[in-house]
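Everything below concerns the one structure shown next.
The values are calculated or read from the model by the stated rules, or taken from the named source; none is laboratory data. The structure presented is a predicted model; accordingly, all values stated were derived computationally and were not measured. A quick note on method: Cβ atoms are made from the backbone with ideal geometry, for glycine too, and the neighbour counts reach across all protein chains shown.
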Amino acid sequence: MLNIILTIILLLVVGVIVWRGYPLIWATFIILSIVLYYSVFNSLIQLQTPWLIGAGVLWLAGLALVIKRGRNKTGNTFMLLVVMTIALVAMSFFAPKAIQSSSSEQTTVPTSAESVSKDDPNAEWFQWSADRSDNRLISTGIDADTPEKALENKLALAKHDAVSLTAYAYQAKLIPADQTNINAYLTEDAKYLNEAGKALWYQLKGNYAGTTNTFAAAPNGTVNSGTNGSGFYTAETGGITGDTKTLVTTYPNGAKSETLTRCGNPVFTGATPGVPTGKTDNPPAPKPPSPPSPPDNPLEPKNPAESTLENPAVDDWKKDDISSGNEDGHTVSNENGAEVSNGYQADPVQDAADAADAAADAAAENEAAHEDAVNEATDTGGGVVDDNQDHTVTTDPAVTNPDW
């Protein structure tokens with residue numbers, strides 16, 4: 001905010017210089033001061049190196065002329081001091097802050113062990129060897145205590161990693177999918193961003209000016225992205241698993257973009273035309289529970305026509321506690337909470353009724369046979385019936401029945 005106030009003051013001074021008829025070299029000097037400040041320390045104005053050097057030379061020349069003019073005309077000394085004071089305050093006040101910001105950008109997001117010499121003139125654009133474990137843009141993520149700091153981490157990553165730069169530029173709709181080839185933004189040795197890469201980074205930084213940043217969970221159905229080291233891609237299906245915390249950047253027009261803080265990967269809620277699909281850092285979805293294993297001795301469905309006395313295999317006691325010989329498991333519930341027969345278990349009520357009917361039939365048959373034997377013995381006079389023992393004793397083997 002202070003840089004804007006000082007810029008307005010400087011422009012007002014330029015207006016006063018022109019209005020009062022002071023030497024225009026003063027106005028030129030002030031304007032060059034503004035341009036150099038925003039180019040060197042603020043990065044809002046993008047000057048290529050030759051133009052930057054030329055502006056610096058003109059600024060020094062203007063400074064010399066201003067000093068000379070001030071010496072020749074003592075009446076203008078006060079205005080000279082005002083101009084110099086404002087210019088120096090603007091430059092000196094923001095220079096340490098800009099240097100500190102640049103330093104923090106280079107160290108906020110961890111890099112590999114590979115480093116660059118501080119004496120390297122292109123050190124600011126040196127490309128890190130980012131750890132891309134689990135298809136992440138950066139394995140350690142961009143999370144921070146505040147959303148603003150997370151955005152700084154995101155910009156730092158984009159400055160030192162062309163894959164992240166192109167991913168974020170595509171996310172911000174600064175470039176289409178067919179312009180995300182990282183080779184277009186790197187020097188031939190791939191160690192630094194080239195001029196196109198620098199320009200894209202400045203464009204990305206300007207894109208975030210005036211935005212509001214917050215933390216929030218990724219919306220349902222959000223599509224994750226990933227990288228194979230040479231470019232970025234999106235997931236085949238929507239949905240974020242694991243940590244869903246995102247950095248939400250809201251633009252003045254209400255548009256939003258989301259970036260997962262755990263990995264720096266941009267995520268998308270709309271279509272991503274032209275972007276290939278691939279693996280992301282989504283943890284695998286939990287496996288559904290396995291179906292229960294079939295029993296070691298599965299029972300056949302009970303045949304109502306068969307009695308358990310004749311075919312015990314249809315009764316559930318053959319399954320329950322059979323190894324211990326415990327027949328208490330002869331229950332409909334089979335100890336699993338069921339309350340009715342399921343076709344594989346015995347129905348003890350029906351079984352008891354069937355057994356009673358079978359016993360009654362057997363008794364009736366035995367009684368009838370006994371009566372027939374008595375009648376036959378009486379008719380032939382060859383045998384005696386012992387009713388107390390419930391069997392017939394006869395001298396005729398033909399009528400002897402051991403069941404009596």
>> Just to be sure before I move on: is Lys287 out of contact with any Gly (no Cβ under 7 Å at 6 or more places or on another chain) and modelled with pLDDT under 90 in the structure I sent?
In response: yes
> Considering region 237-274 alone, what residues qualify as being in contact with a helix residue (DSSP H, G or I) (Cβ under 7 Å, 6 or more places away or on another chain) and loosely packed, with under 13 Cβ neighbours inside 10 Å?
Replying inline: Pro273, Gly274
> Looking at this structure, is Lys256 among the basic types (Lys, Arg) and in the same structural domain as Ala167 (by TED's automatic domain parsing)?
Replying inline: yes
>> Regarding region 188-197, can at least one residue be identified that is in contact (Cβ under 8 Å) with a residue 40 or more places away in the chain, over 19 Å from Lys159 (Cα atoms) and of a type in the set (D, E, K, R)?
In response: no
> Does Asp145 qualify as being assigned to a loop (DSSP other than H, G, I, E, B), under 21 Å from Phe126 (Cα atoms), assigned by TED's automatic domain parsing to the domain that holds Thr249 and free of Cβ contacts under 8 Å to residues at least 24 places away in the same chain?
Replying inline: no
> Restricting the search to region 174-193, which residues are surrounded by fewer than 18 Cβ atoms within 10 Å (Cβ to Cβ) and either of a type in the set (Asp, Glu) or over 13 Å from Val275 (Cα atoms) (or both)?
Replying inline: Leu174, Asp178, Asn183, Ala184, Thr187, Glu188, Asp189, Ala190, Lys191
>> For region 180-224, give me each residue that is more than 15 Å from Glu124 (Cα to Cα), of a type in the set (Val, Ile, Thr) and out of contact with any Pro (no Cβ under 6 Å at 6 or more places or on another chain).
In response: Thr180, Ile182, Thr211, Thr212, Thr222, Val223
> Out of region 147-167, which residues are under 14 Å from Thr246 (Cα atoms) and within 20 Å of the chain's Cα centre (by Cα)?
Replying inline: Pro147, Ala150, Leu151, Asn153, Lys154
> Do we find that Ala196 is under 21 Å from Pro266 (Cα atoms) and either assigned by TED's automatic domain parsing to the domain that holds Gly229 or not aromatic (Phe, Trp, Tyr) (or both) in this structure?
Replying inline: no
>> Being crowded, with 16+ Cβ neighbours inside 10 Å and part of a loop (DSSP other than H, G, I, E, B) is the filter here; which residues of region 148-173 pass it?
In response: Asp161, Ala172
